[in-house]
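Report on the following structure.
FYI, it's all coordinate maths here, none of it is from the lab. Fair warning: this is a prediction, and the values are worked out from it, not measured in the lab. When we count neighbours, we look across all protein chains shown, and the Cβ atoms used for this are built from the backbone with ideal geometry, even at glycine.
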Amino acid sequence: MPRAPAQVMAMEIRKVQITGGSSYVVSLPKEWARSLNIRKNDPLGLIAQSDGTLLITPKITGEAVQRVKIFDASAIGDPEFFFRCLVGAYIMGYTAVTITAPGRIPPRMRMVVLDFTRMVIGQEVTEENDTTITIRDLINPAEMTFESTLRRMHILARGMHEDIISALKMKSRALAKDATARDRELDRLHWLIARQYHLIQNDGNLARRMQVTVADAACYALVSRIIERIGDHAVNTATTILPLLDSDLNPDLFGDLESVSAEALTIFDASISAMIERDIRGADANIRSITGLAARCDAIARSIPLQSGSVALAAGSIVESIRRLGECSKEISKCTINRLIAGEP
């Protein structure tokens, strides 16, 4: 049975007192202090947030907040559902996951755990017996910066789209399949960023160590989701163009596709650069450039019906993928502008 949602404490209004002529004092809520077993003379950490709020925490050592999730394998049953539960626990920032069963954990569930640890970053089985498996996070999230992960995602997604055009040019099924294979790595990195975002929401100390605000982390998580979606479009297109590899594509049409694809990738590059370099005007210029890309895609799309059925279908899929790459780049630039505007005094 799912647990009831945690109760959120209502806001309490407390007046500021001045003691000793210069010290500002606010009393702590008794319920909160008791729930954390805070006693007289216990040290508390105070972290000033960028939005003017003050974070009060008993965690003063800088150690990560430990959160444990427990799953009953016998109650879940379905392996696919179990895998999704493990991914959910990973993304939501649990530092340890324990899988239990009244008797032996079924072999198919153990295989799911193995697949999960291979799929995600930093998760390893640390304890295992017949009835219990414990998975722990072995990486320091502060060492995996958002920007370095997003750069890696950008390179992967860019390579996937380049491979589609190269596969078409060289009539290579291997290149088309390679574009699909790289989507798995893109998913892993996207899940990592989503996890770090939720970790920061639950641990103000981590945000300080990573030198980001919660608002920054939210923007990075959104951009990660957009890049992951770019990869999904590439996978769909790589599958659609397979019939086209066995037919002759009009050289003029291929030239147009190759050219507009390069333009879209340039816009994608610019959107990531503007985000990393905090270039608000560059982000705005990038948004404006989408109009020309869309016009070129429309012109190519109008010429596609002149091709045969299978060629028209595959070429149409490529054009749509290029258009979506441009639109996704536009969304990244919008996110960059919003983030930088929010960071202004």
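Can you tell which of 135, 18, 276 shows the greatest fluctuation in a Gaussian network model of the chain with Cα springs below 10 Å?
Looking only at 135, 18, 276, the largest GNM fluctuation is found for 18.
Note the per residue figure in Å³ for the convex hull of the C-alpha positions in the range 235-345.
On the way: hull volume 9.9 nm³, N = 111.
It is 89 Å³ per residue.
Enumerate the amide H contacts of residue 69 below 5 Å, restricted to partners 5 or more residues apart or on another chain; note that Pro and chain-start residues carry no placed amide H.
The answer is 96, 97, 98.
With +1 on each Lys and Arg Cβ and -1 on each Asp and Glu Cβ, and nothing else charged, work out how big the dipole of the range 74-162 is about its Cα centre, in Debye to the nearest 20. Walk me through the numbers before you get to the answer.
Values: 9 positive and 11 negative charges, 34 e Å.
So the dipole magnitude of the range 74-162 works out to roughly 160 debye.
Pop out the ³J(HN,Hα) list for the range 30-35 in order, Karplus 6.51 cos²θ - 1.76 cosθ + 1.60 with θ = phi - 60°, rounded to Hz; leave Gly and Pro as x.
Result, ordered by residue: 4, 4, 5, 4, 5, 5 Hz.
In whole Å, what three semi-axes, largest first, describe the equivalent ellipsoid of the range 209-296 built from its Cα gyration tensor (square root of 5 times each eigenvalue)? Each step should come with its number before you reach the end.
On the way: eigenvalues 210, 64, 14 Å².
Values for the range 209-296, descending: 32, 18, 8 Å.
How would you rank 81, 268, going from fewest to most other Cβ atoms within 10 Å of each one's own Cβ?
Details: 81 11, 268 22.
Taking fewest neighbouring Cβ atoms as first place, the list is 81, 268.
Using the charge dipole of the range 142-342 (Lys, Arg: +1 at Cβ; Asp, Glu: -1 at Cβ; taken about the Cα centre), state which of 205, 270, 329 has its Cα farthest towards the positive end.
Going by the charge dipole, the pick is 205.
Rounded to the nearest 0.05, what FRET efficiency do residue 285 and residue 169 give with R0 = 35 Å and r taken as the Cβ-Cβ distance? Could you check? Could you put the intermediate results ahead of the total?
Values: r = 30 Å, r/R0 = 0.87.
Between residue 285 and residue 169 the formula returns 0.70.
Over the chain, what relative contact order in percent results from Cα pairs under 8 Å that are six or more residues apart? Provide the component values of the computation, followed by the final result.
On the way: 414 pairs, mean separation 46.2, N = 345.
Here the relative contact order equals 13 percent.
Quote the relative contact order of the range 68-139 in percent (integer), defining contacts as alpha-carbon pairs under 8 Å separated by 6+ residues. All intermediate terms of the calculation are to be shown ahead of the outcome.
Values: 99 pairs, mean separation 24.4, N = 72.
Relative contact order here is 34 percent.
Starting from the Cα of residue 34, step 7 Å along the direction of its Cβ; do the same at residue 181; then give the gap between the two resulting points in nm.
6.1
Among the lysines, which have Cα under 21 Å from the Cα of residue 177 when same-chain residues fewer than 8 positions away are ignored?
Within reach: 169.
Please report the Cα spread of the range 81-176 along all three principal axes, rounded to whole Å, starting with the longest.
Each principal axis gives a Cα extent; for the range 81-176 these are 57, 33, 19 Å.
Provide 40, 334 in ascending order of the number of other Cβ atoms located within 10 Å of each residue's Cβ, fewest first. Don't jump to the answer; show the numbers that get you there.
Details: 40 4, 334 17.
Ordered by Cβ neighbours within 10 Å, fewest first: 40, 334.
Can you tell me what share of the DSSP beta bridges in the chain is antiparallel? A percent to the nearest 5 is fine.
On the way: 17 of 22 bridges.
Close to 75 percent.
Scan the range 179-288 for GluC sites (Glu not before Pro) in coil per DSSP, keeping those whose Cβ has at most 16 other Cβ atoms within 10 Å, and list them by number.
277
Using unit Cβ charges (K, R positive; D, E negative) and no other charged atoms, how large, in debye to the nearest 20, is the dipole of the chain about its Cα centre? List each step's numbers first, then the result.
Working: 41 positive and 41 negative charges, 224 e Å.
Using only the charged Cβ atoms, the result is roughly 1080 debye.
Among 104, 302, which comes first, second and so on when ranked by fewest other beta-carbon atoms within 10 Å?
Details: 104 13, 302 9.
Taking fewest neighbouring Cβ atoms as first place, the list is 302, 104.
Determine the dipole magnitude for the range 142-342: charges of +1 sit on the beta-carbon of Lys and Arg, -1 on that of Asp and Glu, nothing else is charged, the reference point is the Cα centre, and the result goes in debye to the nearest 20.
Values: 25 positive and 26 negative charges, 92 e Å.
That gives a dipole near 440 debye.
Suppose we take every Cα in the chain and form the convex hull; what volume per residue is that in Å³? Walk me through the numbers before you get to the answer.
Values: hull volume 63.6 nm³, N = 345.
Here the figure is 184 Å³ per residue.
Compute the long axis of helix 79-91 from its Cα atoms, compare it with the longest principal axis of the Cα atoms of the chain, and write down the angle in degrees, 0 to 90, nearest 10.
Roughly 60 degrees between the two axes.
Springs between alpha-carbon pairs under 10 angstrom, Gaussian network model over the chain: which of 74, 23, 35 fluctuates most?
Highest fluctuation of the listed residues: 23.
I need the phi-derived Karplus couplings for the range 233-239: 6.51 cos²θ - 1.76 cosθ + 1.60, θ = phi - 60°, integer Hz, Gly and Pro marked x.
Once θ is set to phi - 60°, the couplings for the range 233-239 become 4, 5, 4, 4, 5, 4, 6 Hz.
What ³J(HN,Hα) values, in whole Hz, does the Karplus curve 6.51 cos²θ - 1.76 cosθ + 1.60 give for the range 249-262 when θ = phi - 60°, with x put for Gly and Pro?
My calculation for the range 249-262 gives 8, 3, x, 5, 5, 4, x, 5, 5, 5, 5, 6, 5, 4 Hz in order.
As I understand it, the value is the acute angle between the Cα axis of helix 309-342 and the longest principal axis of the Cα atoms of the chain; what does it come to in degrees, rounded to 10?
Once rounded, one gets 30 degrees.
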